[in-house]
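To keep things clear, I will list the structure first and then write my remarks on it.
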Amino acid sequence: MVGNNRYRTSKAALNMAMQVIARTVNDQGILVVNICPGWVKTDMGTSQAMLEVTESISAIIETLKRLNETHHGSFLDRNGNVIPF
């Protein structure tokens, strides 16, 4: 349980850092987002995960193609849906 809390805390810190950076570069034409790849079959995700690495990457690439200034400072899932935090 402690490890899970550390992971969650690190993700919350990452999202806050992204928001700070997004505000810092807001007027510089730089798009800043965080994208969650989903539960992927990796060493960390284990073989029980729902997604193959190629599925996650393909979805992220398609999402990247659709991003625009309305996404700036957002935390998104691999399909481009906003994840509130």
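The values are calculated or read from the model by the stated rules, or taken from the named source; none is laboratory data. Only a predicted model underlies this, so the values are computations on that prediction, with no experimental measurement involved. Because the Cβ atoms are built from the backbone with ideal geometry, glycine has one as well, and the counts that use them run over all protein chains shown.
The table below gives the values:
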item: Among (1) at pLDDT below 95; (2) exposed (fewer than 14 other Cβ atoms within 10 Å of the Cβ) - the single one Gly45 does not satisfy; result: (2)
item: Every residue from region 30-58 that is of a type outside the set (A, V, I, L, M) and not in a loop (DSSP other than H, G, I, E, B); result: Asn34, Cys36, Thr54, Glu55, Ser56, Ser58
item: Residues that are touching a residue at least 40 places away in the same chain (Cβ under 8 Å) and either exposed (fewer than 13 other Cβ atoms within 10 Å of the Cβ) or of a type in the set (Gly, Ala, Ser) (or both), drawn from region 48-84; result: Gly73, Ser74, Ile83
item: In region 1-29, residue farthest from Thr70 (Cα to Cα) [restricted to those that are without any contact (Cβ under 8 Å) to a residue 40 or more places away in the chain and not in a helix (DSSP H, G or I)]; result: Met1
